[in-house]
Amino acid sequence: MSRASSAKAQTQPVERALSRTAQGRSRTQVSPEARAQFTLSRSFVFEAAHTLNRRDIDPPSMDASRRIHGHSYRATVEVTGAPIGESGMVLDLAQFDVALSRVSERLDHRLLDDVAGLGPATLENLCAFIWRALAPHLVGLSRVTVSRDARGDACSLSMRDT
């Protein structure tokens with residue numbers, strides 16, 4: 001099979017799965033046999049301070065983290081699912097924004113040591129905190145990533161089906 005024929009054969013299932021509506025709108029419908037899963041992501045940024053009282057590390061290396069200090073964080077939240085209803089959306093982005101703003105308000109310009117339910121302000125705990133806050137409001141929540149871009153640090157949390 002030629003390269004062009006192979007590429008066309010690979011795209012045919014996708015072309016069959018995605019079709020435009022007869023009304024000429026740019027709405028995309030997905031056929032049931034495609035079992036398409038889309039992943040939407042939204043990010044929010046928050047500035048916060050914290051300390052880390054890490055008893056398991058040699059004290060001289062802990063001096064900076066024991067003092068109050070802050071970071072710029074970026075949280076990226078992903079929702080995965082099939083398009084629902086006539087709109088063809090997995091989730092209305094306005095609903096996504098409302099859920100993210102609720103959790104952002106709990107973290108932005110806060111001393112993270114004082115945020116109830118967070119624990120030590122590690123990237124791992126921030127991911128888990130955001131997940132717990134969003135899970136009741138976002139069906140299909142699939143991943144939470146918290147990054148400190150200035151330092152090049154990031155942590156992701158995704159739940160596996162058991």
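What FRET efficiency would be calculated for the residue pair residue 49, residue 139, taking the C-beta separation as r and a Förster radius of 45 Å, to the nearest 0.05?
Efficiency at R0 = 45 Å is approximately 0.85.
Using the per-residue mean of other Cβ atoms lying within 10 Å as a proxy for protection, in what order, highest first, do the peptides 106-116, 70-80 fall?
Result, highest mean Cβ count within 10 Å first: 70-80, 106-116.
So if each residue of separation counts as 0.36 nm, and I subtract the Cα-Cα distance between residue 106 and residue 132, what length gain in nm does that give?
Full extension from residue 106 to residue 132 adds 8.1 nm.
Find how much the distance from residue 155 to residue 98 grows on full extension, using 0.36 nm per residue of separation minus their present alpha carbon separation; answer in nm with one decimal. Mind showing how you got there, number by number?
Working: separation 57, 0.36 × 57 = 20.52 nm, distance 2.33 nm.
That works out to 18.2 nm of additional length.
Quick one: grab the alpha carbon gyration tensor of region 74-162, order the square roots of its eigenvalues as a ≥ b ≥ c, and give me rounded if a/c is under 1.5, else prolate or oblate depending on whether a/b is larger than b/c.
prolate
Readers should treat all values here as calculations from the given coordinates under stated rules, not as data from a laboratory. Note that the structure is a prediction, hence the values are computed from the model and not measured. Please note: Cβ atoms are built from the backbone with ideal geometry, for glycine as well, and neighbour counts cover all protein chains shown.
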